[in-house]
Amino acid sequence: MSGGERAEAPDLVARGAVTPLYEVLAKEDIARTVAKAAAGQVRFRAVVSY
């Protein structure tokens, strides 16, 4: 990644051009979520909803 690309990234986020990718999991499934993360089966980010 060049310096110009790094400088452009915050602008893209501010304009809403970047969409985060995450998986929301219920707190009741915390054991399954931890197991998935340990096995490398979580894509992007895992968020536990309380």
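So which residues in segment 21-50 are within 24 Å of ALA9 (Cα to Cα), open to solvent by less than 100 Å² (accessible area, probe 1.4 Å) and in a loop (DSSP other than H, G, I, E, B)?
Our first condition is that a residue be within 24 Å of ALA9 (Cα to Cα); within segment 21-50, this holds for 21-23, 43-47.
Of the ones still in play, those that are also open to solvent by less than 100 Å² (accessible area, probe 1.4 Å) are 21, 23, 46-47.
Of everything in segment 21-50, just one residue is within 24 Å of ALA9 (Cα to Cα), open to solvent by less than 100 Å² (accessible area, probe 1.4 Å) and in a loop (DSSP other than H, G, I, E, B), namely LEU21.
Would you say VAL18 is assigned to a loop (DSSP other than H, G, I, E, B), among the hydrophobic types (A, V, I, L, M, F, W, C), open to solvent by 60 Å² or more (accessible area, probe 1.4 Å) and in contact with a helix residue (DSSP H, G or I) (Cβ under 8 Å, 6 or more places away or on another chain)? When the stated conditions are applied, VAL18 passes them.
Among the residues of this structure, LEU12 counts as one that is hydrophobic (A, V, I, L, M, F, W, C), open to solvent by less than 60 Å² (accessible area, probe 1.4 Å) and out of contact with any strand residue (DSSP E or B) (no Cβ under 9 Å at 6 or more places or on another chain).
The values are calculated or read from the model by the stated rules, or taken from the named source; none is laboratory data. Just so we're clear, the structure is a prediction, and the values are computed from it rather than from any experiment. Positions of Cβ are generated from backbone atoms using ideal geometry, with glycine treated the same way; all protein chains shown enter the neighbour counts. Only protein heavy atoms, including side chains, enter the accessible area calculation; ligands, DNA and RNA are left aside. Shrake-Rupley method; radii C 1.70, N 1.55, O 1.52, S 1.80 Å.
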